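Asker: First, the structure itself, so that you have it in front of you.
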Amino acid sequence: MIKPLADRVVIEPKEAETRTASGIYIPDTAKEKPQQGKVVAAGPGKKDEAMEVKVGDEVLYGKYAGTEVTLGEKKYLIVKQSDILAII
């Protein structure tokens with residue numbers, strides 16, 4: 001498992017929608033990058049900044065935030081706590 005340092009957070013992104021609300025299938029080329037996910041690991045925080053998110057939180061993050069990492073079959077996103085917009 002990945003252990004983030006400082007104020008970094010590891011997020012498992014939510015899968016992109018494959019159909020619209022009306023039932024139309026969305027092709028892979030037209031899918032939008034998900035901006036929501038679940039926190040699977042969090043660093044200890046910085047000396048002057050405590051961690052506000054914890055493992056298990058559902059969060060919203062910036063569209064182009066973080067670094068994508070593939071570990072086995074799963075894809076993860078490593079972001080700074082400041083790139084997280086909200087806890088759902």
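Asker: Just name the residue that is modelled with the lowest pLDDT out of those in region 44-74 that are surrounded by 11 or more Cβ atoms within 10 Å (Cβ to Cβ) and in a strand (DSSP E or B).
Answerer: Restricting to residues being surrounded by 11 or more Cβ atoms within 10 Å (Cβ to Cβ) and in a strand (DSSP E or B), the top hit is 49.
Asker: Quick check on region 11-20. Is at least one of its residues hydrophobic (A, V, I, L, M, F, W, C), modelled with pLDDT of 90 or more and on the phi < 0 side of the Ramachandran plot?
Answerer: There is at least one residue in region 11-20 that is hydrophobic (A, V, I, L, M, F, W, C), modelled with pLDDT of 90 or more and on the phi < 0 side of the Ramachandran plot.
Asker: Another question, if that's okay. I'm trying to understand the selection: among the residues of region 1-43, which are touching a residue at least 60 places away in the same chain (Cβ under 8 Å), among the aliphatic types (A, V, I, L, M) and assigned to a strand (DSSP E or B)?
Answerer: Residues satisfying the conditions are 9, 10, 11.
Asker: Only one of (1) touching a residue at least 60 places away in the same chain (Cβ under 8 Å); (2) over 14 Å from residue 14 (Cβ atoms); (3) open to solvent by less than 70 Å² (accessible area, probe 1.4 Å) fails for residue 77. Which number is that?
Answerer: (2)
Asker: Kindly list the number of the only condition in (1) at positive phi; (2) not in a loop (DSSP other than H, G, I, E, B) that fails for residue 77.
Answerer: (1) is the only condition that residue 77 fails.
The values are calculated or read from the model by the stated rules, or taken from the named source; none is laboratory data. Treat the numbers as computed from the prediction; the structure is a model and nothing was measured. Here the Cβ is made from the backbone with ideal geometry for all residues, glycine too, and neighbour counts use every protein chain on show. In case anyone asks, the SASA skips ligands and DNA or RNA and just uses the protein heavy atoms, side chains included. Shrake-Rupley method; radii C 1.70, N 1.55, O 1.52, S 1.80 Å.
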